Structure formats: C-alpha cells, structure tokens
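The structure under discussion appears below in the form of structure tokens.
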C-alpha cells in the first residue's frame, strides 16, 4: 500500500497537548477533534491540510498524555502517515490501535522540507521525496504489529482472540 | 538469564521463566484503570467488541478525576457514560464525588491499598507509571488498549530495557523527590528513557518517603520511560500494612528484586546532596534550572496539588511553609488535596486552616488546572508556578500562558514572594 501527499513539517517533542489541547477532550468525536488539531502551534493547519497529506517531525513525537484523541485527531484531519525520528511509546501504541500509519526514519527528517510532495510504500518501507528526488528506507513494522494491522487494528484482533 | 525487576514482573505475569529486552509477550493484568477522559471512548469500543462483562469487576478501576466536579455539559455527559457503565458492570472500585475513597486516580490507588508490590497494572492515563514506587509494574495506555484489556484481562507488552539510577546520600533541606525527578529529566531529556524502565536503587532510596517515591515514579513518563520502579523495602512494607492490612496479612503480594548481574542500557549515579531546589521552565519538563537562579520571574498563580504532588506530605509541607504568612497580593494560590482522605487528614491536622489563613483557595480533589481543564485556567501572558507534571504550550490554558514546574516548597515560597523563590528567602 502506498500513500502520497504534501508535507506538514514540525520539530522535536511534539506533545499531545499541542496535537489536541485538553480543553477539547470533552468530546472524542473525530469531527470535533479535527477542528482543533495542532491549533496551539499551527493555527492554520486545519484549513490547509488536505486528505492524504503527510506529517513529518523530529524526535519523541506524541510525548505526554495517553489520550488516544491525539492520533484520532491527526487521522481525522486527513493525514495519511506520520513520519518521525521516533515516537513516544504510548502514542506509538495508540496509533497502531486506531489505525494511524506511522514510520520511524531518522535520516529522512532533516532532508524532507515543509511543503514537499512525498510518497511512502508501507510494504517496502521506502519513502520518496518527489520534490527533491531523494529516497529513504524506514524501519518496517515488526511482525506482531503486522498481525494487529491484518486484523484491522486492536479491536479486530481482540474480537478474533475472544472468538477463540 | 539475569533480569531487571521490571522484566521479572513481566515474565511472571506472562507465565515465562525469563524474558529479554525486545521480547513481545502477552501478560495477565492485575488491575486495569480508566478515567473520565479515556474511559468513555473505551466504553464505546467495549460495546463494539460485543463483550457482555468486564473480565473481573474487582480489577477494573474506573476513577473520575479530570473534569470533576463536571465543569460543563459535555464533561457531565462523559461522566454519565462512565457512571452508567460502572453501575451496569457492578464495578467495585467506582466512587462518587465526596466519598472517602474518592480522589485523583494515582493518589487513591496506592493510598486506598489497591495496588501492592509485584502487581501488573495498566491505566488509560500516562501517569499510571506512579505505582512503581510500591515495587509494582504499571504503565499508561490509550482507550483502545483499555477497552480490550477490560474485556480480556490480558494485554501485550514489549519487554523494556532499563536505565539503573543509583541513589546515595541525603537531600538538603526542603529538597524533595520532585527536585530529584526534575533533575533526572533535565539530565537525560524528555526522550532520555524512551521505551525503557527507570529502575531506582542504592542506599539513597531511604531518603525518599513513600509519597516522595510516588512523585518520582509519577514523572518517569516525562523522560519517555515506560515505567519507573523502586525496590521493596521496609518503608514499602510499612506503607502497605497500613493501606490494606487484610491483603498484607494474607501475604497477597510478591516482592521482586533485580538480579545482581542484570543488564542495564546505562547506569546513572546520583548523590542526593548534589540535588538543588529545581524548577522546569516553559515549555518542557527537561528545561530545568536551579530555582534560586530564576528569582526575576514574576508569577500570577501557584497550583499545589495533582497526581504528582497532591499527597498528604505535600499538603503538609505547603501548610508548614505558609503558616503565619500571606500569599502575595498579585498571586492566586490554589491548593488541591489529591483525595478526600488527604483532604480530611489535612483538615484534622489544621493544615487547611493554615492555608486558608494565608490566603490560599482550597479545591475539591481534581486534576483540574494541571491539564487546563478548570479550577485555575490561565489567560494569555499569565505565568504559574505549579507542582504538576507538564509545562507544554497551552497545558494550563491559553497557548500564550506559561507553567513553571517545581516541588511544593518552591511553589509555596513563590506564592508568598510573587515570583519564583525558595523557602529560605521567607
């Protein structure tokens, strides 16, 4: 499976409070969360983002709260993939559980620019910056995550386990 | 194979002889916890799964604390969803506001004698790592994990590597566990322990009371750690004998200790005598400074409370420092006992009267302002010294407001001084 889109680039330690501020957590509705995604650091994000666009950021993406509302807000914004140097562990786990694709690729972060058009292939892990022509290889998903993905996320996986 | 304390707890709960860092395991859960922000989405998923009952109504803990007492209609609806689910399922550990057992999740789970050494706990709240103070393994997850764990009583883990933190010496006057953990985060960074355990050891752990250890483990997540954990010693045993004598007498718990030759990804030696009163300036918990170097920073508000510093010892420390003094005319000082038990004991000790006399406002137990929910939200340009755990952009209100993290003594002193300060200045 391939995704492609325009890059929204952010720095290190993008925390869950800026991804979706707690003052909006009184509803978990994706449509509501999308309206406030990233607003404390990028007020125009929600108006500029288009379906398929890709978020690129530095180290420790998603640090902070365990709120699953954060990956849900990003996914509901239309973002098809988040690429970061690495992810905070609860965010990593939540993204897989809610079906927000994420890739870790430290070497790509400095070379991909805000606004570039990029493409990523989840099967091979290859990320191609179509604007600059450069390609990068990201870490493929570990096997157990592929199993959860194959079940359509953790809910599907748990449903099948409960049937057994 | 030699294992760390965390690895031993995980291996036992997975029914394995041993585990190694990076292993993927499925483990049995002793407790599964959710709060009023994370449980309602989990209830929806739980129902989608088509499961009728939670795996064990004694072991699913549902605590309302973030937006309680309900701050608006939407939060009232969240709480109602949770309340209905708890009643439907006959959840044992679900409490209404004002009950003696009620309070902030990470204050009451240890204090009510629910979590014991060796337990494996997940909670849909990032500060679930708090219970490592008791020699338990506990970590935060999201709502989907919560829903699936409520259904099965099992979840998967990647076995973590560990950083060993060797403590020696004694704290200087007024220095607490909060200063220690802020110093560690300042040293290793907000991702310094990403995916890893922080395992504390050394004779210096004796300098930390149980409330201090809970504060230290609470903030393990702020350097990316999966969990923080202390060895079980006489302090721990004394604490659990008080919180739940019945379980203690029955020896209904297991003490784990790291193997002597366990491998650590790194070892950090800390002499507690070297730890100063510390603050973390906006907007990362790793942006630490000596509190005495920040005396030019004027403040508008002080918050003393939260799952980090809302325990009895914390309220006592605030009352001791503020007794007979007055909060600065330009400062609002909000004190939030972390539970009804803490509130009642502080009341009986006369501490709430001392704080009231000083001009503090005393709140019902709630997470409230820590996450910019209510009970002390900041306007643009306002600055708060807070004993909470995060100072991210917009954490306590307007994205143009600022939070400075500190321990209770610095917060209490700052409330009087109207700027960042230390108790020796009073």
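Per residue, the convex hull spanned by the Cα atoms of segment A:2-163 measures out at 105 cubic angstrom. Computed from the C-beta positions of residue A:126 and residue B:234, the FRET efficiency with R₀ = 51 Å rounds to 0.35. Length gained on full extension, residue B:2 to residue B:249: 85.9 nm, using 0.36 nm per residue less the C-alpha separation.
Debye-formula intensities of the protein assembly as shown, expressed as log10 I(q)/I(0) at q = 0.08, 0.10, 0.11, 0.12 Å⁻¹, are -0.50, -0.81, -1.00, -1.20 (one equal scatterer per alpha-carbon, no solvent). Fewest neighbouring Cβ atoms within 10 Å first, the residues B:377, B:121 line up as B:377, B:121. Considering all different alpha carbon pairs of segment B:1-78, the Kirkwood hydrodynamic radius works out to 15.3 Å. Look at B:374, A:69 and count the other Cβ atoms within 10 Å of each Cβ; fewest to most, that gives B:374, A:69. Computing Rg and the Kirkwood Rh from the Cα coordinates of segment B:131-240 gives a ratio, Rg/Rh, of 1.00. Note on segment B:278-425: semi-axes of the ellipsoid equivalent to its C-alpha gyration tensor, largest first and rounded to whole Å, are 22, 17, 13. Sorted fewest first by neighbouring Cβ atoms within 10 angstrom, B:406, B:266, A:138, B:292 come out as B:266, B:292, A:138, B:406. With the helix formula -39500 (n - 2.57) applied to DSSP H stretches of n ≥ 4, chain B reaches a computed 222 nm mean residue ellipticity of -9000 deg cm²/dmol. Evaluated at q = 0.10 Å⁻¹, the base-10 log of the normalised Debye intensity for chain B, with identical point scatterers placed on the Cα atoms, takes the values -0.64.
Mind grabbing the base-10 log of I(q)/I(0) for segment B:55-94 at q = 0.20, 0.26, 0.28, 0.35 Å⁻¹? Debye formula, identical points on the C-alpha positions, no solvent, two decimal places. Scattering profile of segment B:55-94, log10 relative to I(0): -0.58, -0.83, -0.90, -1.13.
FYI, it's all coordinate maths here, none of it is from the lab. Since the structure is predicted, the reported quantities are computational estimates derived from the model, not experimental observations. Note: ideal-geometry Cβ built from the backbone for every residue, glycine included; neighbour counts use all protein chains shown.
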